[in-house]
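> There's a structure below that I have some questions on.
The values are calculated or read from the model by the stated rules, or taken from the named source; none is laboratory data. Note that the structure is predicted; figures quoted are calculated from it, not measured. Here the Cβ is made from the backbone with ideal geometry for all residues, glycine too, and neighbour counts use every protein chain on show. Surface accessibility is based on the protein's heavy atoms, side chains included, excluding ligands, DNA and RNA. Shrake-Rupley method; radii C 1.70, N 1.55, O 1.52, S 1.80 Å.
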Amino acid sequence: MTALSAASALELGEAELRARGGRKWAVPPEVLPAWLADMDLAVAPPVAEAVRRLAASGDFGYGLRDGVRPGAAVAEAFAQRMQRLHGWWAEPAQTQAMADLVQALHTVVVAFAEAGAEAIVPLPSYGPFAEAVLATGRTLAPSPMLTDADGRWRLDLDGLAALAASPRARLLLLCNPHNPTGRVFTRGELEAVAAIADAHGLVVVSDEIHADLRFDGAEHVPFATLPGAAERTVTLTSATKAFNLAGLRCALAHFGTPELLRRYHRTVPARMHGVPGLAGVEATVAAWREGDAWLADALALLSANRERVVEAVGEMPGVRVVAPEGTYLAWLDCGGVPRGGRTAGRFFLERAQVRLSGGEEFGAAYGDWARLNFATSGVLLERILERLARAAAGAVAAGS
Ligand SMILES: Cc1ncc(COP(=O)(O)O)c(C=O)c1O
């Protein structure tokens, strides 16, 4: 209870959220947003303080932090955090700081796959994975994930191995914890992926941006820590999801060995990235060094919300969900709701006035699905769930 009441101090109300003018809430007044991956929570006090301190100093020149350049400071904070949480020293000299992670996805694809070469992407997938492959003139090798009888998603390891065996395969883009399914892949699953990559000489790009957002003791295994994997692993991360800092723009790519970094810089010189802004660096360092107490409260709230989503969806006719092991995203199977030819996202926008992320954003085959962002107040979540339930029940009862 203590944790939950502390967590409730984080919750922001609808009026404030609408007044802020952020992208997630740029929806008509009758619509409730549960789409974009921002949290409707008050930011961690150490983060707010770090940004306030910077603003108050008025010093917006070329900065140093702790006597080193901002990019080096954020790389050091990342290494220390990984050491503390996972016993992994992510060598700062092998880290490239940049403004955002999607940028890193694109540059890594360009660096490690020549034009026309294949990059393997498990589906469903956070949209920019496929975008990074296609927009850079590389070839997308999609690997549809599988579901167990209980609906739990898993990687198709045989399918991945078959795609990896192609002479033109160069890269595997992995998202762990996985957006949108919420899977936190087990050590065994990751070892199997590492073995496939090793057998076929693939570089693995491991997007671990959701790593701090896990439930029920699910273990996060940084891909680069798997035996023998470092030499072929690029880890992408930032504090933007767990600490809700997406507007401040600071991310990093860590290369498992100096040689991998050299290979990268042969195509993408460090200068091509520019550097992250000082406010983003200050916020990220504060989050990673001093944000644990806030994160624990946020996770308590998210965990309660997740249980509520599973319970409410369990009672919704035509909709199914498997409890996500990580992220604040629930991947809803809306295949049992008659929708008159509309995608699930469109259906719930029109009939429930709730904006979800349509499943088709994560792969053309997923129009029956929708992604619900449950990082909001208990009150707003309840209203969102009620609206979804009413729309689903109405459509099931009417049969169309
Ligand atoms: C898996 C994943 N990677 C990257 C990002 C975006 O990162 P950024 O906005 O820092 O580019 C998101 C945002 O939701 C995400 O879910």
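> Any residue at all in the range 221-232 that's under 22 Å from Leu123 (Cα atoms), within 16 Å of the ligand (Cβ to nearest atom) and at pLDDT 95 or above?
Yes, the range 221-232 has at least one match.
> Among the candidates Ala15, Ala79, single out the residue that is free of Cβ contacts under 8 Å to residues at least 40 places away in the same chain and open to solvent by less than 60 Å² (accessible area, probe 1.4 Å). Break it down into steps so the answer makes sense when it comes.
Details: Ala15 fails: open to solvent by less than 60 Å² (accessible area, probe 1.4 Å).
Checking each option against the conditions leaves just Ala79.
> Only one of Leu202, Leu171 is surrounded by 22 or more Cβ atoms within 10 Å (Cβ to Cβ), more than 16 Å from the ligand (Cβ to nearest atom) and touching a residue at least 12 places away in the same chain (Cβ under 8 Å); which? So that I can check it myself, show each step before the final result.
Values: Leu171 fails: more than 16 Å from the ligand (Cβ to nearest atom).
From the options Leu202, Leu171, the qualifying one is Leu202.
> Just one of (1) open to solvent by 10 Å² or more (accessible area, probe 1.4 Å); (2) closer than 19 Å to Pro177 by Cβ; (3) more than 20 Å from the chain's Cα centre (by Cα) trips up Gly127, so point out which.
That leaves (3) as the condition not met.
> Do the conditions hold for Gly363, that is, is it in contact (Cβ under 8 Å) with a residue 12 or more places away in the chain, under 23 Å from the mean Cα position of the chain (by Cα) and open to solvent by 10 Å² or more (accessible area, probe 1.4 Å)? Talk me through it step by step, then tell me what you get.
Values: in contact (Cβ under 8 Å) with a residue 12 or more places away in the chain: yes; under 23 Å from the mean Cα position of the chain (by Cα): yes; open to solvent by 10 Å² or more (accessible area, probe 1.4 Å): yes.
Criteria met by Gly363.
> For Glu259, state whether it is within 24 Å of Gly217 (Cα to Cα) and charged (D, E, K, R).
No: the conditions fail for Glu259.
> Quick check on my filter: what residues within the range 360-400 are among the acidic types (Asp, Glu), in a helix (DSSP H, G or I) and within 30 Å of Leu134 (Cα to Cα)?
Of the range 360-400, the ones among the acidic types (Asp, Glu) are 360-361, 368, 382, 386.
So of that shortlist, the ones also in a helix (DSSP H, G or I) come out as 360-361, 382, 386.
Those that are among the acidic types (Asp, Glu), in a helix (DSSP H, G or I) and within 30 Å of Leu134 (Cα to Cα): Glu360, Glu361.
> Select from the range 34-61 the residues that are surrounded by fewer than 19 Cβ atoms within 10 Å (Cβ to Cβ), part of a loop (DSSP other than H, G, I, E, B) and among the charged types (D, E, K, R) and list them in ascending order.
Scanning the range 34-61 gives a single hit, Asp59.
> Test Gly151 against the criterion of being away from the ligand (no atom under 16 Å from the Cβ), open to solvent by 30 Å² or more (accessible area, probe 1.4 Å) and at positive phi, and give yes or no. So that I can check it myself, show each step before the final result.
On the way: away from the ligand (no atom under 16 Å from the Cβ): yes; open to solvent by 30 Å² or more (accessible area, probe 1.4 Å): no; at positive phi: yes.
So Gly151 does not fit the description; no.
> Next question, about the same structure. Inside the range 82-118, can you point out the residues that are outside any helix (DSSP H, G or I), of a type outside the set (Asp, Glu) and within 15 Å of the ligand (Cβ to nearest atom)?
Listed by number, the residues that qualify are Gln96, Ala97, Met98, Ala99.
> Next question. Please go through the range 335-359 and pick out each residue that is hydroxyl-bearing (Ser, Thr, Tyr) and either part of a strand (DSSP E or B) or surrounded by fewer than 17 Cβ atoms within 10 Å (Cβ to Cβ) (or both). Explain how you work it out, then say what you get.
To start, the set of residues in the range 335-359 that are hydroxyl-bearing (Ser, Thr, Tyr) comprises 343, 357.
The one that is hydroxyl-bearing (Ser, Thr, Tyr) and either part of a strand (DSSP E or B) or surrounded by fewer than 17 Cβ atoms within 10 Å (Cβ to Cβ) (or both): Ser357.
> Right, another one. Tally up the residues in the range 125-144 that are in a helix (DSSP H, G or I) and either touching a Pro at 6+ places or on another chain (Cβ under 6 Å) or more than 16 Å from the ligand (Cβ to nearest atom) (or both), please.
In the first step, residues of the range 125-144 are kept if they are in a helix (DSSP H, G or I); the result is 128-135.
Pick out the ones that are also either touching a Pro at 6+ places or on another chain (Cβ under 6 Å) or more than 16 Å from the ligand (Cβ to nearest atom) (or both) and you get 134.
Total satisfying the criteria: 1.
> Quick one: would you say Leu278 is in contact with a helix residue (DSSP H, G or I) (Cβ under 7 Å, 6 or more places away or on another chain), within 19 Å of Val43 (Cβ to Cβ) and either free of Cβ contacts under 8 Å to residues at least 12 places away in the same chain or open to solvent by 10 Å² or more (accessible area, probe 1.4 Å) (or both)? Before you say what the answer is, go through the steps one by one.
Details: in contact with a helix residue (DSSP H, G or I) (Cβ under 7 Å, 6 or more places away or on another chain): yes; within 19 Å of Val43 (Cβ to Cβ): yes; either free of Cβ contacts under 8 Å to residues at least 12 places away in the same chain or open to solvent by 10 Å² or more (accessible area, probe 1.4 Å) (or both): yes.
Yes.
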